[in-house]
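The values are calculated or read from the model by the stated rules, or taken from the named source; none is laboratory data. The shown structure was predicted, so the numbers you read here are calculated from the model rather than taken from an experiment. Cβ sites come from the backbone with ideal geometry, for glycine too, and all protein chains shown count toward neighbours. Note: areas computed on protein heavy atoms with side chains; ligands, DNA, RNA excluded. Shrake-Rupley method; radii C 1.70, N 1.55, O 1.52, S 1.80 Å.
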Amino acid sequence: MSNPDLPSLPNESALANAALTHVRAIFKGNGIKSDKITILSQKIAQHTMNAGTYLELKPVMAERSAPGKVVAGNLVNSRDEAMRAINHSMITAMRDPAAQAQIANVLLARPDQGFGLSRQAVPLDFLKGEYTWHEACHTCHGSTQAPCQRCQGRRLETCIKCTGRGLMPCPMCRATGLLQGNKCNRCHGQRYVPCDGCQRSGMMGCRMCNATGVMKCQTCAGQGWKSHTIALTAQAMTYFEYDPKTIPKGAADAIETQAPLLAAEKKIKVKGRTADDKENALGASYEVEFPYGEIVFLLGKREVKASLFGYQSDIVEFPPVLDKILGPAVRELEEAANDIGDVAGKIKNATRFRLIAQAFLAASRTNIRKTVAYLMKTYDIGLSIGMAEKIAGLADQTTARITRKPRMIGLFLGLCAAAILNAAYYLLPLRAIIASYLPTPKIDFVLDILPLFLGGTIAIAAVKLTASGAVRKALGHLMRAGQKVPMPRAQTMVVAAYAGAAIITLITMEVSAYTNASSPYWYEILRNAVIRALGM
């Protein structure tokens, strides 16, 4: 258990220096020079705790049936016997020391040793099993034959020639009653004669069973038996136990939220073994060691208290210092986003801070949610989620504002290029030449997908290119020499680009039809139908 009287670690200075390097990296370019960040004091000690990841066995069963005598896994006499065997295997796994050790090894073989797993299903493949029993087919009672499904064992079915009426149309007069103007001498003018297929009985021998009344049983495929199999897939649900009161709160918070990651990345030392601290417990018990202690940084003239946790010098309980430092710059961003004052100047002032500059570069090529995730990953201390969301939102809003006009210009230029492309395609013989190679004109609509797609793509590319020029003009001071401007998103212009390309394509096809150029076959049909409907 943790003990406040434990001595400091021998490598306390190394851990503290690693934490200092991390803090300096966070604040580099964000208002405080690295040489102004030092450690004022530190008190780091080794802590230990006990914990356990325990398992509750959950048999998962799936039952299937198959015709005949199929043997899969263990052969039993009945379903009840199969369930007793499954229950016995579960009880054995819970009580047998060898099985308990094997179950614990499933956890201990993981990179995180199963430490901290909670409410997760862990498959136990070595407990898989199948149990099969046979029973006589309930349809044919083991005889392999069942009544014919068509005639229900009567051997007869309705005559297909007369549909059960016993009479059929006279084949001599074709049911007219007349033959060369005289009364038919076969049906005597009645038009119908006795059916020669059933001799007027209306019934004929069943074709499905060849008039035997029975056929191979479909339930058991003519084998007289059915096989039933229960497949057991054992899994265990995990629950994690430790006493948070025995360790510092900051360490308990970290273990509560990211225990498996801490163990897998060796941020804490975890020694696991088969659970033996509880009677009949399944799972693993752990002895855990980690360094933890208070560390006070001097950021310029500001004292900041935090805690150091783990062998990789993670910093926890660090206050949101960046929120205060970036406050004035964020207010300038708000004014720029609302088009107040010198927008370009305010953006330039705000982006002097590295964090805000990175937010702008991310916002120009991705959405707000991903920008926030990027900021929170890069600045894992000192920045609150609320401030990250605010900066990402303002960066996105401001980037949209400074690129709005260039995007419109790019859209116009791109659609002009699409119009030229369509004119060359439809008004010149190009499309007609390609269409002549098609096997049928009914599929020539596929030739009109290409200019539509290509026109929209050209318009989107023009939007991105003009927007990237605006981004470079506003944010060029953030980039290194020779660094390319990240290609901005087209945003809502994607819909406008393809809609515009579609309108241009339709207009060009109408011009080609009006001028008797090579208009599409399908468009001619549609156009003529509309003209007829309008009575033009």
Thr257 passes all but one of (1) over 27 Å from Ala359 (Cβ atoms); (2) within 33 Å of the chain's Cα centre (by Cα); (3) among the polar types (S, T, N, Q); which number fails?
(1)
Within the stretch 283-304, does at least one residue satisfy the condition of being more than 30 Å from Thr21 (Cβ to Cβ), open to solvent by 10 Å² or more (accessible area, probe 1.4 Å) and either among the polar types (S, T, N, Q) or touching a helix residue (DSSP H, G or I) at 6+ places or on another chain (Cβ under 6 Å) (or both)?
no
Does Val270 count as touching a Lys or Arg at 6+ places or on another chain (Cβ under 7 Å), assigned to a strand (DSSP E or B) and more than 30 Å from Trp133 (Cα to Cα)?
no
Quick one: count up the residues across the stretch 116-162 that are of a type outside the set (A, V, I, L, M, F, W, C), assigned to a loop (DSSP other than H, G, I, E, B) and open to solvent by 20 Å² or more (accessible area, probe 1.4 Å).
17
For the stretch 7-30, does any single residue satisfy the condition of being of a type in the set (Val, Ile, Thr), surrounded by 15 or more Cβ atoms within 10 Å (Cβ to Cβ) and not in a helix (DSSP H, G or I)?
no
Among the residues of the stretch 205-214, which ones are assigned to a strand (DSSP E or B) and open to solvent by less than 40 Å² (accessible area, probe 1.4 Å)?
Gly205
Can you name every residue in the stretch 241-272 that is under 15 Å from Thr48 (Cβ atoms) and in contact (Cβ under 8 Å) with a residue 60 or more places away in the chain?
Tyr242, Asp243, Thr246, Ile247, Pro248, Ala251, Ile255, Leu262, Ala263, Val270, Gly272
Selected residue (only one of Ala281, Ala259, Ala251, Ala306 is touching a Gly at 6+ places or on another chain (Cβ under 8 Å) and not in a loop (DSSP other than H, G, I, E, B))
Ala259
Answer yes or no as to whether Thr257 is surrounded by fewer than 16 Cβ atoms within 10 Å (Cβ to Cβ), out of contact with any Ser or Thr (no Cβ under 6 Å at 6 or more places or on another chain), under 30 Å from Gly164 (Cα atoms) and among the β-branched types (Val, Ile, Thr).
no
Considering (1) closer than 30 Å to Glu294 by Cα; (2) part of a loop (DSSP other than H, G, I, E, B), say which one Lys245 fails and leave the rest.
(2)
Would a scan of the stretch 284-291 turn up a residue that is closer than 30 Å to Asp35 by Cβ and part of a strand (DSSP E or B)?
yes
Which helices (runs of 4 or more DSSP H) sit wholly inside the stretch 434-536 and have at least 1 residues that are modelled with pLDDT under 85 and over 27 Å from Gly414 (Cβ atoms)?
521-534
Members of the stretch 260-282 that are open to solvent by 60 Å² or more (accessible area, probe 1.4 Å) and of a type in the set (A, V, I, L, M):
Leu261
Residue that is in a loop (DSSP other than H, G, I, E, B), within 30 Å of Pro123 (Cβ to Cβ) and of a type in the set (A, V, I, L, M), where the choices are Val71, Val106, Val60
Val71
Name the residues in the stretch 415-459 that are within 34 Å of the chain's Cα centre (by Cα) and among the small types (Gly, Ala, Ser), would you?
Gly455, Gly456, Ala459
So which of Leu333, Leu383, Leu361 is part of a loop (DSSP other than H, G, I, E, B), in contact (Cβ under 8 Å) with a residue 60 or more places away in the chain and not basic (Lys, Arg)?
Leu383
Under 9 Å between Cβ atoms, at least 6 apart or on separate chains: pull out the pairs that start in the stretch 199-214 with a residue that is closer than 10 Å to Cys151 by Cα and among the hydroxyl-bearing types (Ser, Thr, Tyr) and end on any residue that is in a loop (DSSP other than H, G, I, E, B) and open to solvent by 60 Å² or more (accessible area, probe 1.4 Å).
Thr212/Arg155
How many residues of the stretch 180-193 are in contact with a strand residue (DSSP E or B) (Cβ under 8 Å, 6 or more places away or on another chain) and open to solvent by 70 Å² or more (accessible area, probe 1.4 Å)? The answer is 4
Kindly indicate the residue of the stretch 305-315 that is of a type outside the set (Asp, Glu) and open to solvent by 30 Å² or more (accessible area, probe 1.4 Å) and also nearest to Thr48 (Cα to Cα) among those meeting that condition.
Tyr311
